[in-house]
Structures are given as structure tokens and as C-alpha cells.
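Encoded as C-alpha cells, the structure appears first; notes follow it.
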Amino acid sequence: MHGIGTIVKKELADHFSLEVDVPSAERFLEKRIDTARRLFEEGKPEEESDTFIAVNLEEDLYNQGLDEVMARLEKKMIERALAKTDNSKIRAAELLKISFRSLRYKVQKYDIK
């Protein structure tokens, strides 16, 4: 069985067609997953600002399915890119390495304000 970091890392790269520094991306994701698990075990609510995806248990990801998990991740990345660029869709699209038209479509799809 693959570790969740390996699964998410590969799916991220495939889904977003990113050229990713794999060790850095894996460390980033593992840190976020570890934080979510620790918060869950301590009974503290997870904060969306600390993680892209609220992850309680690895099984939850499989129960949700890849499409739903990727959609949540994609929406969160877009929201963060827009916040980071003061809501500039052009700069957010550049940051995400997608076209402006793709970003505009995804903003409508996910009803991002």
C-alpha cells in the first residue's frame, strides 16, 4: 500500500500538470497531514487555513473519492491564490500556472466569490 503522501503527491502533479520538486512537495503534504491527524487526535477542530484539505483519516480520503478530494484541493488552491494576489485573476492564474480562461471557469464552477 502506498503512503497517503505518495498518492496525493502523484495525483496533484498529474491533475495540475505541475513540475513539482517532489521531495519538497512530499514534505509539505506530509507536514499538513501530520498536523491534521494531531489536531484530530487531540480533539481540536481543524483549521482550513492550516491545511488545504481537512484530513482526519486516510480512509476518509478513499471514502470521499479522488474527484471530490481533488475538487476540494483545487478550490482551496484557487481561493488562496486569489487571496495572495488581492483577487487578481490574471496574477492568480499565473501563480497557479493555468490560463486566465481556465481560472475564470473554475471560479464559476466552484462558486468562488
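The values are calculated or read from the model by the stated rules, or taken from the named source; none is laboratory data. Since we're looking at a predicted model, the values are computed, not measured. Note that each Cβ is placed from the backbone with ideal geometry, even for glycine, and that neighbours are counted across all protein chains shown.
Please note which helices (runs of 4 or more DSSP H) are completely contained in the stretch 61-113 and include at least 2 residues that are closer than 27 Å to residue 37 by Cα and modelled with pLDDT under 95. Walk me through how you get there before you give the answer.
Numbers: elements: 66-84, 89-96, 100-109.
Where helices (runs of 4 or more DSSP H) fall fully within the stretch 61-113 and carry at least 2 residues being closer than 27 Å to residue 37 by Cα and modelled with pLDDT under 95, they are 66-84.
Restricting the first residue to the stretch 53-68 and requiring it to be assigned by TED's automatic domain parsing to the domain that holds residue 34, which pairs with a second residue that is of a type in the set (D, E, K, R) and modelled with pLDDT under 80 meet a Cβ separation below 6 Å and a spacing of at least six or different chains?
Here the result reads 54/46, each pair linking the stretch 53-68 to a residue that is of a type in the set (D, E, K, R) and modelled with pLDDT under 80.
Of all the residues that make up the stretch 39-60, how many are assigned to a helix (DSSP H, G or I), modelled with pLDDT under 75 and loosely packed, with under 13 Cβ neighbours inside 10 Å?
Within the stretch 39-60, the subset assigned to a helix (DSSP H, G or I) is 39-41, 58-60.
Checking the rest, the ones that are also modelled with pLDDT under 75 come to 39-41, 58.
Okay, now just the ones that are also loosely packed, with under 13 Cβ neighbours inside 10 Å, so 41.
Residues flagged as assigned to a helix (DSSP H, G or I), modelled with pLDDT under 75 and loosely packed, with under 13 Cβ neighbours inside 10 Å within the stretch 39-60 amount to 1.
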